[in-house]
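Reviewing the structure listed below.
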Amino acid sequence: MTELVLRNRQRTRPLNSPLLRRITRVLLTDLLSLERCDLAIHLVAAPEMARLNQRFLDHAGSTDVITFDYAGEPDSMAVRDGGGSVHFPKKLHGEIFICIDDAVKQARQFRTTWQSELVRYLIHGVLHAVGYGDLTPADRGVMKREENRLLRMLSRQFSLRHLANAGPRRLANRKS
């Protein structure tokens, strides 16, 4: 069972929320095979992200993504087997805050689209919620490879550019 809440609290870019919801569901259920998910995704602007970053992480300024993992149980962590395969947990419980302003800025820097950066941040946040870390160079490398793999898979299945084609429901805050 998947409980997914998507809140678009930014005005930087119009967003196709139904498409982002579909991408998230495919990531969680099809690609990561999570059986139970309780996830809230908040799309925010830089000022709100800077406040969150200062309050919860004691870091100044905005950042691209912040994940809060509420599961915190040993069986909620991704593990590698002896052959190098990753086995994901059966459940996820958390919140992910994504800064659209940072997605726009970093898209220019990395010569990609803000939509692709948004999906990368979504993946990054979910990987944190299932137990991936990025504090050491080795962990960062493992996480980045998995992030790239999942982004390639989602990019083949969805036209990420259509995240910008919001239409009249672009700022909808719906629960499914």
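The values are calculated or read from the model by the stated rules, or taken from the named source; none is laboratory data. It should be emphasised that the depicted structure is a prediction, and the values quoted were computed from it without experimental measurement. All Cβ positions, even for glycine, are placed from backbone atoms using ideal geometry, and neighbour counts span all protein chains on display.
Okay, residues lined up against (1) touching a Lys or Arg at 6+ places or on another chain (Cβ under 8 Å); (2) small (Gly, Ala, Ser):
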site	(1), (2)
ALA107	no, yes
THR112	no, no
ASP134	yes, no
GLU147	yes, no
LEU150	no, no
GLN157	no, no
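Any chance you could count how many residues in region 90-120 are surrounded by fewer than 22 Cβ atoms within 10 Å (Cβ to Cβ) and either in a strand (DSSP E or B) or under 10 Å from the mean Cα position of the chain (by Cα) (or both)?
Of the residues in that region, 4 qualify.
Can you tell me which residue is modelled with the lowest pLDDT among those in region 121-162 that are within 20 Å of ILE66 (Cα to Cα) and part of a loop (DSSP other than H, G, I, E, B)?
Once the filter is applied, the top-ranked residue is GLY131.
Which condition breaks for LEU32 when tested against (1) in contact with a strand residue (DSSP E or B) (Cβ under 7 Å, 6 or more places away or on another chain); (2) modelled with pLDDT under 95?
(1)
With the requirement that a residue be hydrophobic (A, V, I, L, M, F, W, C) and more than 14 Å from the chain's Cα centre (by Cα), what does region 20-68 give you?
Answer for region 20-68, where residues must be hydrophobic (A, V, I, L, M, F, W, C) and more than 14 Å from the chain's Cα centre (by Cα): LEU34, ALA45, ALA46, MET49, ALA50, LEU52, PHE56, LEU57, ALA60.
Given the conditions (1) outside any strand (DSSP E or B); (2) in contact (Cβ under 8 Å) with a residue 40 or more places away in the chain, report the number of the one that LEU43 does not fulfil.
So the condition that LEU43 fails would be (1).
Kindly evaluate PRO74 against the criterion of being touching a helix residue (DSSP H, G or I) at 6+ places or on another chain (Cβ under 8 Å), of a type outside the set (D, E, K, R) and at pLDDT below 95.
The answer is no for PRO74.
State the number of residues belonging to region 1-37 that are within 12 Å of ILE96 (Cβ to Cβ) and of a type outside the set (Lys, Arg).
Of the residues in region 1-37, 8 are within 12 Å of ILE96 (Cβ to Cβ) and of a type outside the set (Lys, Arg).
Can you name every residue in region 127-163 that is surrounded by 14 or more Cβ atoms within 10 Å (Cβ to Cβ) and acidic (Asp, Glu)?
Once the filter is applied, which keeps residues that are surrounded by 14 or more Cβ atoms within 10 Å (Cβ to Cβ) and acidic (Asp, Glu), region 127-163 yields ASP134, GLU146, GLU147.
Mind listing just one residue for me: the one in region 39-60 that is among the small types (Gly, Ala, Ser) and out of contact with any Asp or Glu (no Cβ under 6 Å at 6 or more places or on another chain) and, of those, farthest from LEU28 (Cα to Cα)?
Checked region 39-60; the qualifying residue farthest from LEU28 (Cα to Cα) is ALA60.
Counting only residues that are surrounded by 14 or more Cβ atoms within 10 Å (Cβ to Cβ) and of a type in the set (Gly, Ala, Ser), which one in region 164-176 is modelled with the highest pLDDT?
Selected residue: ALA164.
State whether the residues of region 20-31 include one that is in a loop (DSSP other than H, G, I, E, B) and either more than 19 Å from TYR132 (Cβ to Cβ) or out of contact with any helix residue (DSSP H, G or I) (no Cβ under 9 Å at 6 or more places or on another chain) (or both).
no
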